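Trainee: Right, I'll just put the structure down here and ask away after.
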Amino acid sequence: MKANNTYFLFLLFFCQIVFCQNSDREEIHGIVQVDSAAVERVNIVNKTTQKATSSDKNGNFTLFLKEGDLIVFSAVNLVTLQKVIVKSDLEKTILLVQLQTERIPLTEVVIKEESKITAESLGIIPSDQKKYTVAERRLYTARSGLLDRPLNWISGRTAQLKKELAVSEKEQLMAKLEYLFEENFYIETLKIKRDYIRDFQLYCIENNDFVSALKSKNKTLSKFYILTLAQNYNKIIVYEN
């Protein structure tokens, strides 16, 4: 019996504390929005009384407040807002609270010029697999199959594709030459006149040793051969002129 009386007195004391806390406060209805859209599940805490609630699917919430109370609004991906209640807030029918979305800074991504995404780097094809040009693939297609090969030979398509392949290979070699050596190298080092540079490049890619060095991407060996070729070419030009 004594224990029950103690429990009853404790409960009565607790209710009095709660009543005292809310007796001088007004029940305020509010709406939480982000960019004019209602937001649910926003945590709303009265730091003064330590009372808390949350907004519903329409952004509505109800809380007992008085002037001077500190209210904290927080939610995932939203900027936390701390608001001190003023007299004008209590006079409003609906307390409208505007929150802002939190901006997440992106980590800087640095792309290196030398880094390349290729079929080999992605593991789609082996790194040592031979790469075929468009002309090479066309020639292979013309030569494959029981009927394709004789028909293409009769029609002359295979011969035409061989010519296209040769032209394609020369274009690739010329592109490599232009990449390896700048114009000043031809003029100042090799003593090739500007008007003859293109002709000299064509002269170089007819040399098998130079072509082998060029295909192997050996710049030192390519430079060695091109110096010798330049001497021979200049003698030819002098003789022809």
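The values are calculated or read from the model by the stated rules, or taken from the named source; none is laboratory data. Just so we're clear, the structure is a prediction, and the values are computed from it rather than from any experiment. Here Cβ is always computed from backbone atoms with ideal geometry, including for glycine, and neighbour counts include all displayed protein chains. Side chains included, ligands, DNA and RNA excluded: accessible areas come from the protein's heavy atoms. Shrake-Rupley method; radii C 1.70, N 1.55, O 1.52, S 1.80 Å.
Trainee: What whole-number value in Å² describes the accessible area per residue of the range 193-241 for a 1.4 Å probe? Mind showing how you got there, number by number?
Mentor: Values: 3540 Å² over 49 residues.
Heavy-atom SASA per residue in the range 193-241 reads 72 Å².
Trainee: In addition: Between Ala175 and Arg198, what is the label-to-label distance in nm when each label sits 7 Å out along the Cα-to-Cβ direction?
Mentor: 1.8 nm
Trainee: Between Gln82 and Asp56, how many nm apart are label points set 7 Å from Cα along the C-beta direction?
Mentor: Label-label distance for Gln82 and Asp56, simple model: 3.1 nm.
Trainee: Could you pull out the pairs from Lys170/Lys223; Lys51/Lys83; Lys47/Lys83; Lys170/Lys215; Lys176/Lys235; Lys193/Lys215 whose alpha carbons sit more than 22 Å apart here?
Mentor: Working: Lys170/Lys223 18 Å; Lys51/Lys83 15 Å; Lys47/Lys83 10 Å; Lys170/Lys215 11 Å; Lys176/Lys235 25 Å; Lys193/Lys215 26 Å.
Violating the 22 Å limit, Cα to Cα: Lys176/Lys235; Lys193/Lys215.
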